[in-house]
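Everything below concerns the one structure shown next.
The values are calculated or read from the model by the stated rules, or taken from the named source; none is laboratory data. Treat the numbers as computed from the prediction; the structure is a model and nothing was measured. All Cβ positions, even for glycine, are placed from backbone atoms using ideal geometry, and neighbour counts span all protein chains on display. Each accessible area value is taken on the protein alone, full model and side chains, heavy atoms only, with ligands, DNA and RNA left out. Shrake-Rupley method; radii C 1.70, N 1.55, O 1.52, S 1.80 Å.
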Amino acid sequence: MPDADGHSGSKVQDPRIVDATHVAPAYIQLANNVEIIEDVAEAMQNASSTFTHEGFFGPLLFGEELRAYTLRLEPGMFLSEHPHPTESIVYTMAGRWVLSSEGKRKVMQAGSIFHFGSNMPTGWEAAFPEGAEILIFKKKREGENYRSFTDGMHALAEDLDKQYNEGETFYYHQLDADHPAIAFAKQHNPEFDQLVEASRTVSVE
């Protein structure tokens, strides 16, 4: 029997290592309902990460009511403001990007965190050469798991690819030269024009 500190005798117990798969990164099962990902940046490189025209999405952990996943924005990506049905807390792990809401813009950088509420329109713009790595916390959908998340991302990728081919805007190079997002980007990145050209290759990933 474990004592008050959770000890169960002198035997050292090893946590369970759950190997990475094509739908989930590797993680440590320390105890029942206690999971650990030691290196989020490394987990982002797993095969479960899915490219879409909104960025690379990668699953991390699924809790009882919460889920965490990553988003990698490649330089030149642009996503117009749109509402989300559930609120999120978003932390920038690396790089810089532009947050847009109600026509106002703010440069987000490594170490920054923000919240947006349910049905609040927000957009993101990757106006800097290093792109950005973002960590997102959201309420879990009922029954959601690694498989359903990854399958959902694959379906999203196909849908967004269709929208892109039909003319939907997902990159700076698709915007009019006088678009406010371009004016803002040029104020904060003197080499923005080169970034726009580079974004043409991202769009055919």
(request) Go through the stretch 115-127 and give me each residue that's under 23 Å from residue 187 (Cβ atoms) and either of a type in the set (Val, Ile, Thr) or open to solvent by less than 30 Å² (accessible area, probe 1.4 Å) (or both). (result) 122, 123, 125, 126, 127
(request) Please tell me if residue 38 is in contact with a strand residue (DSSP E or B) (Cβ under 8 Å, 6 or more places away or on another chain), loosely packed, with under 10 Cβ neighbours inside 10 Å and assigned to a loop (DSSP other than H, G, I, E, B). (result) yes
(message) Exactly one condition in (1) within 24 Å of residue 162 (Cα to Cα); (2) open to solvent by 20 Å² or more (accessible area, probe 1.4 Å); (3) in a loop (DSSP other than H, G, I, E, B); (4) not aromatic (Phe, Trp, Tyr) is false for residue 130; which is it?
(response) (1)
(message) Any residue at all in the stretch 181-192 that's surrounded by 13 or more Cβ atoms within 10 Å (Cβ to Cβ) and either assigned to a loop (DSSP other than H, G, I, E, B) or in contact with a Gly (Cβ under 7 Å, 6 or more places away or on another chain) (or both)?
(response) yes
(request) Name the single residue, out of those in the stretch 41-68 being open to solvent by 60 Å² or more (accessible area, probe 1.4 Å) and in contact (Cβ under 8 Å) with a residue 40 or more places away in the chain, that is nearest to the chain's Cα centre (by Cα). (result) 66
(request) List the number of the failed condition for residue 110; all other conditions in (1) closer than 30 Å to residue 170 by Cα; (2) of a type in the set (A, V, I, L, M, F, W, C); (3) in contact (Cβ under 8 Å) with a residue 24 or more places away in the chain hold. (result) (3)
(request) Could you please let me know if residue 73 is open to solvent by less than 50 Å² (accessible area, probe 1.4 Å) and touching a Gly at 6+ places or on another chain (Cβ under 7 Å)? (result) yes
(request) Could you check, for the stretch 147-162, whether at least one of its residues is farther than 22 Å from residue 23 by Cα and either part of a helix (DSSP H, G or I) or out of contact with any strand residue (DSSP E or B) (no Cβ under 8 Å at 6 or more places or on another chain) (or both)? (result) yes
